[in-house]
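First up is the structure itself, then whatever we jot down about it.
Every number in this text was worked out from the coordinates using simple rules, so none of it is lab data. The structure presented is a predicted model; accordingly, all values stated were derived computationally and were not measured. Virtual Cβ from ideal backbone geometry, glycine too; neighbours counted across all protein chains shown.
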Amino acid sequence: MEITIQTVVFLFLALFITLTSVLTVTTQRIVRSATYLLFTLFATAGIYFLLGYTFLGSVQMIVYAGGIMVLYVFSILLTSGRSDNVERIKNSRMFAVLAAVLGGAAILLFIYSKYQFLQVGDNKVTEVTIQSLGTNLMSSNKYGYLLPFEAISVFLLACIVGGIVIAQKEEDKK
Amino acid sequence: MISIICYLIVSTIMLCAGIYGFFTRHNLLAMLISVELMLNATDINFAVFNRLLYPNGQEGYFFALFSIAISAAETAIAIAIMINIYRNIRSIQVDKINKMKW
């Protein structure tokens, strides 16, 4: 296996994702947890760029890192109380969860190693053109995604209305 | 040429970190962050399967795209619910949420 720049970039991203995603769930303070999540999301966008899916990587950076993380930070600032920083977890419970998670990971990796993946795509970066993307997203033939696109738009509208209804103050009821 | 196993190992680690955080955290926001980790791992899997196993199709690409949109909507709703809970009981720790409104 020759060392190409792609391999080096992948190894860096893999180590970075491993480190930050483990730190996301093990750090005690929630602001740090959100910051590590931000780094994980950026590294995930890097993996999409490495695969040649530049549009997907851009969407990941804009929607996740731009939109969702702002929501997280604001809601952390809105809802963090005085005693919320330190979480005490029972040791027995933590070890049980750790054993279950590690067992699940071992089973998954065993299945991956046993299954014969028929890897036909090479790692040559061939970008999906924006034109074919838009044509597929807006067409209703065999490989078209018009129906999910419209369903997503109605779904987002329902979420906007639902978010406003849930988060508004209930003063008029009293 | 990077094997598909390498990508799958990365996404497995991310998924298991998310599951671990979902079970051990007591803060609702931290649990939501763990859910985001799990969703991200599945998105990586979609993109990698499409790229390395079926490079002529675009199904995994679109699934990842729609999954990002859905997770954004889900996060917005969940945070709205959490802010409402905080307004009512002044805390979003799961062990303090032990009674419903009615």
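Details
- Taking B:Glu36, B:Glu59, A:Glu150 and counting other C-beta atoms within 10 Å, the order from fewest to most: A:Glu150, B:Glu59, B:Glu36
- A Förster radius of 22 Å, combined with the Cβ-Cβ distance separating B:Gln93 from A:Leu71, puts the computed FRET efficiency at roughly 0.65.
- Rounded tilt (10° steps) of B:28-52 against the dominant C-alpha axis of chain B: 10 degrees
- For the stretch A:151-160, putting each phi into the Karplus relation 6.51 cos²θ - 1.76 cosθ + 1.60 with θ = phi - 60° gives couplings of 4, 5, 5, 5, 4, 5, 4, 4, 5, 4 Hz, in residue order, rounded to whole numbers and with x for Gly and Pro.
- Its residue count N sets the reference 2.2 N^0.38 Å, and the alpha-carbon radius of gyration of chain B equals 1.36 times that reference.
- Degrees, to the nearest 10: B:59-89 long Cα axis against longest axis of chain B: 10 degrees
- Taking all Cα pairs closer than 8 Å and separated by 6 or more residues, the relative contact order of chain B comes to 27 percent.
- At q = 0.10, 0.13, 0.15 Å⁻¹, base-10 log of I(q)/I(0) for the protein assembly as shown (Debye sum, equal scatterers on each alpha carbon): -0.58, -0.94, -1.18
- Working from label points 7 Å from Cα in the Cα-to-Cβ sense, the A:Lys114 to A:Leu147 distance is 3.6 nm.
- In terms of its C-alpha gyration tensor, the stretch A:1-81 comes out oblate, because a/c is 1.5 or above while a/b does not outweigh b/c.
- Entry for the stretch A:129-169 at q = 0.26, 0.28, 0.30 Å⁻¹: log10 I(q)/I(0) = -0.80, -0.86, -0.91, Debye formula applied to identical alpha-carbon scatterers, no solvent contribution.
- Residues B:Ser67 and A:Leu11, FRET efficiency given R0 of 30 Å [Cβ-Cβ distance, rounded to 0.05]: 0.70
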